[in-house]
Amino acid sequence: MALKVKATEQLIKIGKYEGNFRYVMMPELYTALSQEKVIKEAALRSGVSRGVMQACWDAAGDVIKAWATEGHSVALPGLGTMRFGLRAKSVEKVEEVKSGLITSRRIIFTPNSDLKEELAKTAVQITCYDRDGKEVKRVTSTSGEVEDPENTQPINGGGTGHGNPD
């Protein structure tokens, strides 16, 4: 299995490449799997009935939500942990601290090392489209290695490389 990515030629409107066409990569989004499909598959893999799996799924969701909203970092089996976080403006004086400084609430997911390793080993398929939407190239990696034109040594999937970040 491979991760599917599309590289679309787009006119850049801001930054150092403003006014130039550049290929911009983004993951191809798959369809969302319904809760029913996930429960059916989990029941099949575990040998547990769908009704029992549904009850466990609902209970686990309730527990995760309750604990996370109390400020805990909660383990997600085989995946990592999730917790709630926020972004807020800073102020100089304690008298200025108020809830109105919060600009967003968010969910923070931290993958475990097994998941990171699996992702790093997963091949990537890139399909390139020109500005007219015509497919012009396909690239497929055979493993998690990433080519880096700035570095002659292959970068293992977990590395960041030393080249230009764009």
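Here are the numbers for the structure shown:
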| quantity | calculated |
| --- | --- |
| Heavy-atom SASA rank of LYS40, LYS16 (probe 1.4 Å, accessible area, largest first) | LYS16, LYS40 |
| Check: the chain dipole with +1 on Lys, Arg Cβ and -1 on Asp, Glu Cβ, in debye | 440 debye |
| Share, in percent, of DSSP beta bridges within the chain that are antiparallel, nearest 5 | 80 percent |
| Heavy atoms of TYR23: accessible area, 1.4 Å probe, square angstrom to 10 | 110 Å² |
| For the chain, accessible area per residue (1.4 Å probe, heavy atoms of protein chains only), Å² | 80 Å² |
| Added length on full extension, which subtracts the Cα-Cα distance from 0.36 nm per residue, GLU36 to LYS13 | 4.1 nm |
| Gaussian network model of the chain, springs between alpha carbon atoms under 10 Å - residue of PRO111, PRO27, PRO77 with greatest fluctuation | PRO77 |
| Prolate/oblate/rounded label for the chain (Cα gyration tensor, a/c 1.5) | oblate |
| Accessible area of the chain belonging to carbon and sulfur atoms, whole % at 1.4 Å probe | 55 percent |
| Pairwise FRET efficiency - GLU70 versus ARG22, Cβ, R0 = 35 Å, nearest 0.05 | 0.20 |
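The values are calculated or read from the model by the stated rules, or taken from the named source; none is laboratory data. Remember, it's a predicted structure, so these values are computed and weren't measured experimentally. Cβ atoms come from the backbone with ideal geometry, glycine included; neighbour counts cover every protein chain shown. Accessible surface areas use protein heavy atoms only, side chains included; no ligands, DNA or RNA. Shrake-Rupley method; radii C 1.70, N 1.55, O 1.52, S 1.80 Å.
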